[in-house]
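Data block below; observations after.
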Amino acid sequence: MFEHRRRAPKSKPLSSSEPVIQRAIGFELEVKNWRTWKCRDPQYLPEAGERKNISYRRPHGVQEKLLKGEGYSLTSDRPSAESVPEFITDPFPETDSGLAKLDSTFRKITELVTLMHAEARSHPDSLNPITSYKDKGTVLKPETFFDALPEPDFHPQATVGVHLSKMSDLMRISGNPSPSVQESRFTRIKDVNEPPAFKEKESMSTAFGRAERALEKFSKTFKPFDGWKPSIELKNLCAYMIHYLECPMINFLSYPKSYFPVMARTDFAQIFNLLPIDEMAFFREDDGTTFLRIFEIVEYDLPEGPKLDMRDQFFAKGIRQGQPTASCHAIDGLDRATWIRNIPLEKDFLTQDYYPGKREQARQLDTMGGWYGFDRLGDWRIPVPVFELRRIQFTRDAQELPAIARDVFTAIVELNREPTENPR
C-alpha cells in the first residue's frame with residue numbers, strides 16, 4: 001500500500017518541505033485461506049465460476065484492485081498460483097474523526113466478508129462473482145471470482161508513523177505486551193510458544209537495554225565531544241538495528257520481510273537523519289567505521305553466542321520461500337558491516353534500490369525500507385519514520401475486526417502523544 005517506487009535521493013537535512021507519506025494510520029487485512037481468481041478467457045466465464053473447473057481460471061496479479069469501497073479497496077495480494085484477497089484501508093488521521101472513520105470502514109468490511117462467506121456456503125459448488133457485491137462499491141475487475149467457502153482467517157497489518165524516541169516502546173508492546181487488551185493486539189498470541197516467535201519477542205523486549213549497555217561501553221573509548229551522552233534517538237535506532245541483525249538468525253523460514261515483526265518502511269539512512277545534528281556529524285567523519293564499533297560491542301541474544309561476526313552475511317542462513325521444507329536460497333550480496341557502515345553515509349543497502357548484490361536477490365527485499373520520506377505528526381509537524389506492524393493479532397471472527405483495528409489505532413495515538421514544545 002502507498003507505494004513510492006523511485007530511485008532513492010541522497011539524504012539531506014530535514015526541512016519543512018520534506019515529503020509527507022500518509023499523515024495517518026493505514027491497515028491491510030489479508031484473508032489467508034480465501035482465494036481470488038479471474039477467467040482465463042471471457043468465453044469461458046460461466047465455467048470459470050464453477051468451483052470444480054480450475055482449468056478455466058487463473059490468479060490475479062499482485063495488488064490488482066478488484067473493488068473500491070468507501071474507505072477501502074479490495075485487492076489481490078500474492079503473485080503466486082493462488083492469489084489471496086486483501087482489504088487495504090484509506091489512511092485514518094490520528095484524530096477523533098479518524099477513529100470514527102475507522103469504525104465505519106471496518107464495519108463495511110465486516111459486512112462484506114460476512115455476506116461473501118454466507119453466499120459461498122449457500123452455493124458451495126460455485127465461486128462468488130464480484131458483481132454480486134456491486135452495491136458495496138465500484139467493481140474494477142468484473143470477471144473476478146472468490147473462493148470464500150472456508151471460515152475466513154484474517155491476518156491484519158498496519159502502517160504507522162512513530163516517533164523514533166518511542167521505538168523502544170513500540171518494540172516492547174510488540175515483543176512483550178502488557179495484559180491489557182489494547183496491547184495484546186500487537187502480537188499473534190497463538191504463536192508465542194513457538195521457539196522462533198519466543199526469540200523474536202525476547203529480542204524486541206531486550207534490545208533497548210542491550211543498546212544502552214553497548215553505548216555506555218562505547219562512550220568510554222569514543223567521545224564525540226565533551227559531556228556527550230547518547231541521545232534517546234540514538235539509543236532507539238541502535239536497539240532497532242540490533243533487532244534487525246538478530247531476526248534473520250531467528251526466523252529464516254520464509255521471505256525476508258516476514259522476518260521482522262516491526263518492519264521499517266522508511267529506510268535506515270533516513271531514520272539516521274533523525275539523530276541530533278552533532279551525533280550525525282560525528283558518525284559521518286570516518287565513513288561509518290565508528291558507528292560500526294557500537295554493534296561490535298553489543299551482546300546479541302542468539303543460541304550461537306553473544307556476538308555476531310560483522311563480516312558475515314546479513315542473511316547468513318539464507319532464505320526460504322513459503323514453507324520450512326522449501327529449499328534454501330542464498331542471498332549473499334550484503335554483509336552486516338557494510339550495511340551498518342553505509343547508514344551514516346546516506347545509503348541503506350537493505351533496500352531494493354541500494355542492495356549491492358544480484359538484482360534477483362534485491363527483489364527479495366520487496367518493500368523493506370522502500371520509502372524515503374517521513375510521516376509528520378502533531379502541531380509541530382514532527383518528522384517520524386514509518387513502520388509496518390506485521391504481527392497484529394489474527395482472528396477468524398469477522399465481528400472482532402473493528403475492535404482489533406480500534407485498539408491498535410488507539411495505542412499508536414497514545415504512543416505518539418506530543419510534548420508541549422517543539423523537541424527539534
- request: Averaged over every viewing direction, what's the projected area of the C-alpha convex hull for region 328-424? Give it in nm², one decimal, please.
  value: 9.7 nm²
- prompt: Say each of Arg359 and Ser178 gets a label point 7 Å from the Cα, pointing the same way as Cα to Cβ; how far apart are those two points in nm?
  reply: 5.1 nm
- request: From zero up to wherever the largest Cα-Cα distance of region 254-311 sits, split into 10 Å bins and tell me the percent of pairs in each.
  value: 17, 35, 40, 8
field: Gain in span if fully extended, Glu296 to Leu140, counting 0.36 nm per residue against the direct Cα distance
entry: 50.9 nm
- prompt: How large is the dipole of the chain about the Cα centre if only Lys and Arg carry +1 and Asp and Glu carry -1, each at its Cβ, rounded to the nearest 20 debye?
  reply: 620 debye
- line: With the 1.4 Å probe rolled over protein heavy atoms, region 153-227 has an accessible area per residue in Å² of 47 Å²
task: Give the carbon-plus-sulfur fraction of the accessible surface of the chain in %, rounded to a whole number; probe 1.4 Å, heavy atoms of protein chains only.
output: 50 percent
message: Expected output is a single nm value to one decimal: the length gained when fully extending between Glu285 and Cys328, i.e. 0.36 nm times separation in residues minus the C-alpha distance. What is it?
response: 11.6 nm
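To the nearest 20 debye, what charge dipole does region 144-303 have about its Cα centre, counting +1 at the Cβ of each Lys and Arg and -1 at the Cβ of each Asp and Glu?
Roughly 280 debye, rounded to the nearest 20.
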Max mean-square fluctuation residue, GNM over the chain, Cα-Cα springs under 10 Å, options Cys328, Cys247, Cys238: Cys328
- prompt: Could you give the semi-axes, largest first, of the ellipsoid that matches region 134-289, computed as the square roots of 5 times the alpha carbon gyration tensor eigenvalues and rounded to whole Å?
  reply: 38, 20, 14
- request: Find which of His243, Leu66, Ile404 sits farthest along the positive direction of the dipole of the chain, computed with +1 on the beta-carbon of Lys and Arg, -1 on that of Asp and Glu, about the Cα centre.
  value: Leu66
field: Square roots of five times the Cα gyration tensor eigenvalues for the chain, Å
entry: 40, 24, 20
field: Estimated distance in nm for a label pair at Asp153 and Ile277, the labels positioned 7 Å out from Cα along Cα-to-Cβ
entry: 5.3 nm
task: Could you tell me the convex hull volume per residue, in Å³, taken over the Cα atoms of region 45-180?
output: 149 Å³
message: Taking the Cα centroid of region 284-319 and of region 159-234, what is the distance between the two, rounded to the nearest whole Å?
response: 17 Å
query: If each Cα of region 80-126 is one equal point scatterer, what is log10 of I(q)/I(0) from the Debye formula at q = 0.13, 0.30 Å⁻¹?
result: -0.46, -1.06
Label point distance in nm, Glu111-Glu82, each placed 7 Å from Cα along Cα→Cβ: 3.1 nm
query: Of Lys52/Lys358; Lys101/Lys199; Lys101/Lys166; Lys65/Lys166; Lys199/Lys347; Lys235/Lys347, which sit over 31 Å apart, Cα to Cα?
result: Lys52/Lys358; Lys101/Lys199; Lys65/Lys166
message: Could you tell me how far the Cα centroid of region 341-385 sits from the Cα centroid of region 127-158, in Å?
response: 33 Å
- request: Please report, in debye to the nearest 20, how large the charge dipole of region 61-178 is about its Cα centre when each Lys and Arg carries +1 at its beta carbon and each Asp and Glu carries -1 there.
  value: 260 debye
- request: Using the Kirkwood radius over Cα pairs, work out the Stokes-Einstein diffusion coefficient for region 261-364 at 4 °C and 1.567 mPa s, in µm²/s as a whole number.
  value: 86 µm²/s
message: Under the 0.36 nm per residue contour assumption, what length would be gained going from the current alpha-carbon distance of Ser97 and Glu414 to full extension?
response: 112.6 nm
- line: Summing -39500 (n - 2.57) over every DSSP H run of at least 4 residues in the chain and dividing by its residue count gives a helix-only mean residue ellipticity at 222 nm, to the nearest 500 deg cm²/dmol, of -10000 deg cm²/dmol
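The values are calculated or read from the model by the stated rules, or taken from the named source; none is laboratory data. Note that the coordinates shown come from a computational prediction; the quantities given were computed from them, not determined experimentally. Heads up, the Cβs are rebuilt from the backbone with ideal geometry, glycines too, and the neighbour counts pull from every protein chain shown. When the accessible area is computed, the model is the full protein with side chains, heavy atoms only, and any ligands, DNA or RNA have been set aside. Shrake-Rupley method; radii C 1.70, N 1.55, O 1.52, S 1.80 Å.
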